[in-house]
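Remarks on the structure that follows.
The values are calculated or read from the model by the stated rules, or taken from the named source; none is laboratory data. Bear in mind the structure is a predicted one, so any value in this text is a computation, not a measurement. Please note: Cβ atoms are built from the backbone with ideal geometry, for glycine as well, and neighbour counts cover all protein chains shown. Accessible surface is based on the protein model in full, side chains and every heavy atom, while ligands, DNA and RNA are left aside. Shrake-Rupley method; radii C 1.70, N 1.55, O 1.52, S 1.80 Å.
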Amino acid sequence: MSIKIVQNDTLPPLEFNLTQDGSPVNLTGCTVKFYMKDATSGSVKINGINCTITDATKGKCKYLWSSSDTNTVGTYLGEVEVTF
């Protein structure tokens, strides 16, 4: 998935569906964390901030940006971590 966001914007939130083999991952009772680093330098920008699970049985989550998440122009790589 690729997204574009303008520097200093905090909306819209990052919304995503977690799937495995094309089927939604059931996130009931889970925690989901978001990580993001600079694609060039590898510098960590977001280090394991909790996401909001919006529909656990359908694997739907969202991450609400903070102003410090989007204050630096660049290309970033993101990843989510699910704790079952």
Legend entry - Relative contact order [Cα under 8 Å, 6+ residues apart], the chain, whole percent: 40 percent
Inset, instruction - For the chain, divide the Cα radius of gyration by the Kirkwood radius and give the resulting Rg/Rh value with two decimals. - result: 0.98
Legend entry - Cβ-Cβ FRET estimate between Gln7 and Thr54, R0 fixed at 35 Å, reported to 0.05: 0.85
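Under a 1.4 Å probe, what is the accessible area of the range 1-69 per residue, stated in Å²?
Counting only protein heavy atoms, the per-residue value for the range 1-69 is 66 Å².
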Legend entry - Choice from Asp69, Asp21, Asp55 with maximal GNM fluctuation in the chain (Cα, 10 Å cutoff): Asp21
Inset, instruction - Take the Cβ-Cβ distance between Asn26 and Ser66 as r, set R0 to 25 Å, and report the resulting FRET efficiency rounded to the nearest 0.05. - result: 0.30
Legend entry - Among Thr40, Thr28, Thr54, residue whose mean-square fluctuation peaks in a GNM of the chain (springs only between Cα atoms under 10 Å): Thr40
Legend entry - the range 1-80 - percent of accessible surface contributed by carbon and sulfur, probe 1.4 Å: 47 percent
Legend entry - Enclosed volume per residue, in Å³, of the convex hull spanned by Cα atoms of the range 15-59: 88 Å³
Legend entry - Most mobile listed residue (Cys61, Cys51, Cys30) in the chain, GNM with C-alpha springs under 10 Å: Cys30
